[in-house]
1. So, in the range 395-417, of the ones that are modelled with pLDDT of 75 or more and surrounded by 10 or more Cβ atoms within 10 Å (Cβ to Cβ), which residue ends up farthest from residue 355 (Cα to Cα)?
2. Check 92, 7, 26 and return the single one that is under 60 Å from the mean Cα position of the chain (by Cα) and over 30 Å from residue 156 (Cβ atoms).
3. Determine whether the range 164-174 contains at least one residue that is in contact with a helix residue (DSSP H, G or I) (Cβ under 7 Å, 6 or more places away or on another chain), surrounded by fewer than 21 Cβ atoms within 10 Å (Cβ to Cβ) and closer than 22 Å to residue 301 by Cβ.
4. Quick check on residue 164: is it modelled with pLDDT of 90 or more and closer than 27 Å to residue 316 by Cβ?
5. Quick check on residue 315: is it outside the structural domain of residue 398 (by TED's automatic domain parsing), within 30 Å of residue 198 (Cα to Cα) and in contact (Cβ under 8 Å) with a residue 24 or more places away in the chain?
6. Quick one: count up the residues across the range 150-163 that are in contact with a helix residue (DSSP H, G or I) (Cβ under 8 Å, 6 or more places away or on another chain) and either outside the structural domain of residue 253 (by TED's automatic domain parsing) or part of a strand (DSSP E or B) (or both).
7. Against the definition (surrounded by fewer than 10 Cβ atoms within 10 Å (Cβ to Cβ), outside the structural domain of residue 230 (by TED's automatic domain parsing), modelled with pLDDT of 75 or more and within 30 Å of residue 190 (Cα to Cα)), how does residue 357 come out, yes or no?
8. What residue, among those in the range 363-386 that are exposed (fewer than 10 other Cβ atoms within 10 Å of the Cβ) and farther than 22 Å from residue 313 by Cβ, is nearest to the chain's Cα centre (by Cα)?
């Protein structure tokens with residue numbers, strides 16, 4: 001069949017095989033030129049003798065593969081992925097959504113090929129790390145180490161950046177908790193961990209960024225100047241070890257989690273038309289995290305849970321532990337100044353309070369303020385600066401008002417007696 005249209009490679013192969021058939025080349029010489037075995041050359045010679053030039057053409061040439069995706073399926077996939085809700089889907093996520101929504105089951109590579117062929121996805125160029133970092137083995141048991149951080153992103157695709165706080169277990173990659181909140185400030189972080197320890201218990205250690213979470217690094221971040229001190233103090237009271245990472249790569253699991261969330265969570269919320277924090281948090285806890293953990297979690301090397309339950313004493317103290325604590329000094333008139341406010345201590349207290357004592361002021365998550373001296377809470381009243389009373393004639397505030405009265409010749413009364421006598425003399 002001399003009318004067969006051959007490619008340049010096929011034409012060269014035919015010429016070599018034909019020369020071998022004519023005796024101009026030996027089978028070994030033809031095999032060397034074609035990079036084939038001798039028996040393969042002999043097979044090609046028989047095919048050329050039988051079919052002519054077409055003998056060097058593969059039998060599957062111009063024949064659709066048996067496992068090729070039908071054209072109508074490809075068209076359905078392309079039309080589905082061109083929808084606005086799927087405009088930036090990656091192949092894996094697109095594959096899952098095709099199964100969920102269209103009942104079209106294709107492999108990830110098939111979806112990737114269809115997307116690439118229709119300019120719906122472009123592979124990112126891979127770049128190696130700038131420096132070599134030594135791999136750290138995972139912890140052996142769930143709860144031994146929790147990686148924690150926050151991520152600012154346009155989660156609702158509304159042009160505004162919102163913050164997600166999340167923790168991930170080092171041993172299993174389970175995400176016990178993730179929540180949308182205002183920022184990475186002290187109140188948001190305390191709300192996160194207060195709920196965490198009440199629900200899951202106390203992990204052995206928390207691994208967090210040495211810098212980014214605990215410095216002002218975003219326009220929405222507030223309170224960060226004192227967050228590190230407050231967080232370390234709270235974790236110390238709960239007997240939770242705090243480990244600081246010196247680089248983002250050191251806590252790679254939480255960084256990769258945020259990469260996954262920024263890809264998958266954004267698209268899942270888009271499909272459900274979730275546009276506010278309340279709905280997003282409900283979806284996160286009720287649906288997304290269970291599915292995420294079922295898909296991405298792995299088995300720990302050692303069975304068990306290293307979380308420690310809260311004791312009754314710790315559970316009762318949680319509002320105090322997760323409060324912003326500041327120290328102030330009791331003034332001579334037994335008042336305390338805090339953030340341009342004045343607190344007047346009550347005349348009777350459960351503990352002796354002296355002028356110059358250092359007390360701790362707790363700003364709790366519910367907005368209330370408590371004043372503590374050592375382990376005893378003091379009674380106080382919020383007053384105006386002008387309402388401050390004269391200096392009380394007591395040495396300390398105690399459980400009962402002092403019943404003893406100094407005699408007339410007591411040094412405390414001499415000045416008053418002299419002043420009264422002078423006033424009476426002047427009146428005459």
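1. Here is the first cut: in the range 395-417, the residues modelled with pLDDT of 75 or more are 395-399.
Now narrow it down to the ones that are surrounded by 10 or more Cβ atoms within 10 Å (Cβ to Cβ): 395-398.
Details: 395: 8, 396: 7, 397: 9, 398: 12 Å.
Looking at residues that are modelled with pLDDT of 75 or more and surrounded by 10 or more Cβ atoms within 10 Å (Cβ to Cβ), I get 398.
2. Numbers: 92 fails: over 30 Å from residue 156 (Cβ atoms); 26 fails: under 60 Å from the mean Cα position of the chain (by Cα).
Exactly one residue qualifies, and that residue is 7.
3. yes
4. Details: modelled with pLDDT of 90 or more: yes; closer than 27 Å to residue 316 by Cβ: no.
For residue 164, the condition - modelled with pLDDT of 90 or more and closer than 27 Å to residue 316 by Cβ - is not met.
5. Numbers: outside the structural domain of residue 398 (by TED's automatic domain parsing): yes; within 30 Å of residue 198 (Cα to Cα): yes; in contact (Cβ under 8 Å) with a residue 24 or more places away in the chain: yes.
Here the answer is yes, as residue 315 does meet what is asked.
6. 5
7. On the way: surrounded by fewer than 10 Cβ atoms within 10 Å (Cβ to Cβ): no; outside the structural domain of residue 230 (by TED's automatic domain parsing): yes; modelled with pLDDT of 75 or more: yes; within 30 Å of residue 190 (Cα to Cα): yes.
Spelling it out, it is not the case that residue 357 is surrounded by fewer than 10 Cβ atoms within 10 Å (Cβ to Cβ), outside the structural domain of residue 230 (by TED's automatic domain parsing), modelled with pLDDT of 75 or more and within 30 Å of residue 190 (Cα to Cα).
8. So, considering only residues that are exposed (fewer than 10 other Cβ atoms within 10 Å of the Cβ) and farther than 22 Å from residue 313 by Cβ, the one nearest to the chain's Cα centre (by Cα) is 367.
The values are calculated or read from the model by the stated rules, or taken from the named source; none is laboratory data. Note that this is a predicted model, so its numbers are computed, not measured. Ideal geometry is used to build each Cβ from the backbone, glycine not excepted, and the neighbour counts take in all protein chains shown.
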